[in-house]
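Please read the structure below before turning to the comments.
Every number here is computed from the coordinates shown, using simple stated rules; none is lab data. Worth saying up front: this structure is predicted, and the values here are computed from it rather than measured. Cβ atoms come from the backbone with ideal geometry, glycine included; neighbour counts cover every protein chain shown.
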Amino acid sequence: MSDGRLLVVGQGLAGSCLSWELWNRNVDFHWVDRGTGGSSRVAAGMINPITGKNFEPSWRIADFLPEALEFYTRIEACLGKRFWYPLPVLRLARSEKEWGKILGKLSEPAVAPWVVGETDVTKEWVGGVIVKGGGRLDVPAFINASREFFREKGRYHEEEVVFDSIGRGRVWCEGAAGLMSGRYGMHRCAKGEILTIRANGWDETQARVGGGGWLLPVGNGIFKTGATYEWNELNDLPTSEGRAKVEEIARRLGGDDFEVIGHEAGVRPILRRSQPLIGPVGNDWMINGLGSKGSLYAPGMARRLAGWMMDGIEPEEEVDLRVFLKQNL
Ligand SMILES: Cc1cc2nc3c(=O)[nH]c(=O)nc-3n(C[C@H](O)[C@H](O)[C@H](O)COP(=O)(O)OP(=O)(O)OC[C@H]3O[C@@H](n4cnc5c(N)ncnc54)[C@H](O)[C@@H]3O)c2cc1C
């Protein structure tokens, strides 16, 4: 379909946030997805300000988190639906070495504002701290409600668009499918598997992160837990090995008494860790590379891209695809 209007290709977090930005600027656009679903369909939606083995602040968290929360609150008000659920995160350490590293970071200026303090832990863990400011975006609810809103406005329909180099004012928001085409150079996409479990009586007041995994309450005794990382088999097929690994994470973080009620897999779109990129592709545009943190970065990246496309306001060099390609191709 090519009627001269801007065409947003892909209805994951990137395409959804961009469509709202265009809508709010009264841009005449339409929006398509091939309907097979991408990694947003399986994302747990957790935002955890301080992450990883090294207990590091997420890249530019202080800029992107307020922007994301303002964006989701605005869309919630517009649609009369709730998508964002704030939750403290209990970060657990399994070894003295890991705990030492966490303790050493607590007073760092980039870390301290996100930490409530140390907390008591059960004997399987060496120590734990409570991290504030995070929570859960109900990603499927957000992208489904966005799609229905724009479908009703006559802006959205299902269609597969084939990439070619003749630019027509399209914005490619295809997630891992776009990166795996090789068109932005080497990618580092990673498959992830995730379980939905029922566990009555487990603590639902906080997310738990530790021992290489996480456990996220989603209400009524249901939890999401994950996730695996796999770089070779890049598909969305759940595996028995993946399930076994995630069940082990659930046991470690929650206990033995749970029932698996869902098992999904997806491919995280990664170009360079979890730092996304935006920019021109010929006469088209792209937004991709949201990595493991699409809920955090999609709103801010969509705003920057809309500002660039519509008003010519170039973003910071570190998110500019042109700069990345110059350094990496
Ligand atoms: C197991 C797992 C757990 C995760 N957990 C979290 C989490 O807790 N928190 C978090 O923030 N992030 C999480 N993520 C990461 C998150 O899923 C991604 O960052 C985000 O969803 C990427 O969004 P996207 O819009 O770029 O891509 P996608 O969601 O993949 O969307 C791309 C869309 O483009 C469509 N498409 C592709 N090609 C075409 C074409 N040619 N024509 C038409 N349509 C096309 C696809 O159908 C798809 O709907 C997780 C990911 C995985 C795999």
Measuring from label point to label point, each 7 Å out along Cα→Cβ, what is the N26 to N232 span in nm? 5.6 nm
Taking the highest mean first, how do the peptides 56-63, 288-295 order by number of other beta carbon atoms within 10 angstrom per residue? 288-295, 56-63
Find how much the distance from A112 to M180 grows on full extension, using 0.36 nm per residue of separation minus their present alpha carbon separation; answer in nm with one decimal. 20.7 nm
5 angstrom amide H check on L87, placed H, neighbours 5+ away: G134, G135, R136
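So how do 187-199, 38-50, 89-101 stack up, highest first, on mean other-Cβ count within 10 Å?
Per-residue Cβ counts within 10 Å, averaged per peptide and sorted highest first, yield 38-50, 187-199, 89-101.
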Say each of T122 and R273 gets a label point 7 Å from the Cα, pointing the same way as Cα to Cβ; how far apart are those two points in nm? 3.2 nm
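If the chain between N220 and N200 were fully stretched, how many nm would it gain, using 0.36 nm times the residue separation less the Cα-Cα distance?
Here the answer is 6.4 nm.
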Under a crude label model (7 Å from the Cα following the beta-carbon direction), how far is R5 from Q327 in nanometres? 3.8 nm
Where in the stretch 256-317 are there GluC sites (Glu not before Pro) that are in a DSSP coil and have at most 11 other Cβ atoms within 10 angstrom of their Cβ? E316
If we count every other residue with Cβ under 9 angstrom of L195's Cβ, Lys/Arg +1 and Asp/Glu -1, where does the sum land? -1
Rg [Å, one decimal], Dmax [Å, integer] - the stretch 176-250, C-alpha atoms: 14.9, 48
Lysines whose Cα lies under 29 Å from that of K326, excluding same-chain neighbours fewer than 8 positions away: K191, K293
Within straight-line cross-link reach of K101, lysines at Cα separation under 18 Å, skipping those fewer than 8 residues along the same chain: K53
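Run the numbers for A77 and R251: contour at 0.36 nm per residue of separation, minus the present Cα-Cα distance, in nm.
Working: separation 174, 0.36 × 174 = 62.64 nm, distance 3.77 nm.
Extending this stretch completely gives an extra 58.9 nm.
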